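Structure, as structure tokens:
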Amino acid sequence: MARAPSDERATSPATGVAVMFVLAVLIAAAVGVGAFTNNEEVTATVQVAATDGGATVLWTDQGTANYIEVTTGNALGNTTITEVGGTAELPKDVGRTGETTLVVRAVNNESDRVIEEQDVELR
């Protein structure tokens, strides 16, 4: 049997399988990234008032949040607001004296986002 010229030979079956496998992995990765990427931004509105050495956070507009987390960097000052109109009271004695960073985070079932960060004087 005569050999075909080199430009007319077929690729081996192993090369074809490898190329198909790579294509399947790339397509699966692209579909997975599209399916699992959450582009929804969590929104909510709060008011923060620092008075008499303590702080109060009031949840005023729900937006897309299910609840609000309020943290101070100290477990004694961490709290959750579960409904619009609810407040979080951070007393003077949350365990830290001086300037404290108060972080307010809006959370829904899929993601969370810091919506307010403020330094307050807790005495």
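Of the residues screened, VAL84 is one that is in contact with a Phe, Trp or Tyr (Cβ under 8 Å, 6 or more places away or on another chain) and modelled with pLDDT of 85 or more. Kindly evaluate THR11 against the criterion of being of a type in the set (Ser, Thr, Tyr), at pLDDT 75 or above and not in a strand (DSSP E or B). No; evaluated as a whole, the condition is false for this residue.
When the stretch 87-123 is examined, which residues are found to be modelled with pLDDT of 70 or more and polar (S, T, N, Q)? Residues satisfying the conditions are THR87, THR100, THR101, ASN108, ASN109, SER111. Scanning the stretch 27-39 turns up no residue that is in a loop (DSSP other than H, G, I, E, B), at pLDDT 70 or above and loosely packed, with under 15 Cβ neighbours inside 10 Å.
The values are calculated or read from the model by the stated rules, or taken from the named source; none is laboratory data. Since the model is a prediction, treat every value here as computed from it, not as a measurement. All Cβ positions, even for glycine, are placed from backbone atoms using ideal geometry, and neighbour counts span all protein chains on display.
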